[in-house]
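Report on one structure; see the data block that follows.
The values are calculated or read from the model by the stated rules, or taken from the named source; none is laboratory data. Computed from a prediction, not measured in an experiment: that's the story for all the values here. Here the Cβ positions follow ideal geometry from the backbone for every residue, glycine too, while neighbour counts run over all protein chains shown.
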Amino acid sequence: METVKQILIDSLNGMSVDLIPLFLFQLLCAALLSHLLQKIFNSKFSDDTLHYSVLTGTGVALLTSIAKYSVSFSVIAAAAILLFTRNKDASKTQTTGLFLVTAVGIGCGTGSVIQTIIGFVLIGAILFFLPVKK
């Protein structure tokens, strides 16, 4: 039994089992904020501006929370996700939306959920009141 406990502790990379609900809360917040950001972008600009933002935001949050003590790895992982999910003919609004979804994922993945929510509210208010020229 002690061997199984040691394997579990080693597999969690030093994370306590008590922190698993917090980890799930961070992923849930990243998914929710990414979905809301996709809804705001698609209603403000066009219906096909952002796609799969929930998967992107949650994936970035997962990678960031796994590599929480390595900021450089989490930034490189987020940049790789941005490069792989970006289309060749993406517009500036798609790139901006994808960047904001990635920023939400990094913010929630590092454990700064409250700061990410405050920033999301401010950016959402700016997007809501932004005049869009067709």
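Quick check on residue 67: is it within 17 Å of residue 98 (Cα to Cα) and small (Gly, Ala, Ser)?
When the stated conditions are applied, residue 67 does not pass them.
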Check: Pick from region 13-58 the residues that are surrounded by 13 or more Cβ atoms within 10 Å (Cβ to Cβ) and in a loop (DSSP other than H, G, I, E, B): which of them is modelled with the lowest pLDDT?
Finding: 15
Check: Before we move on, is residue 81 part of a helix (DSSP H, G or I), of a type outside the set (S, T, N, Q) and modelled with pLDDT of 75 or more?
Finding: no
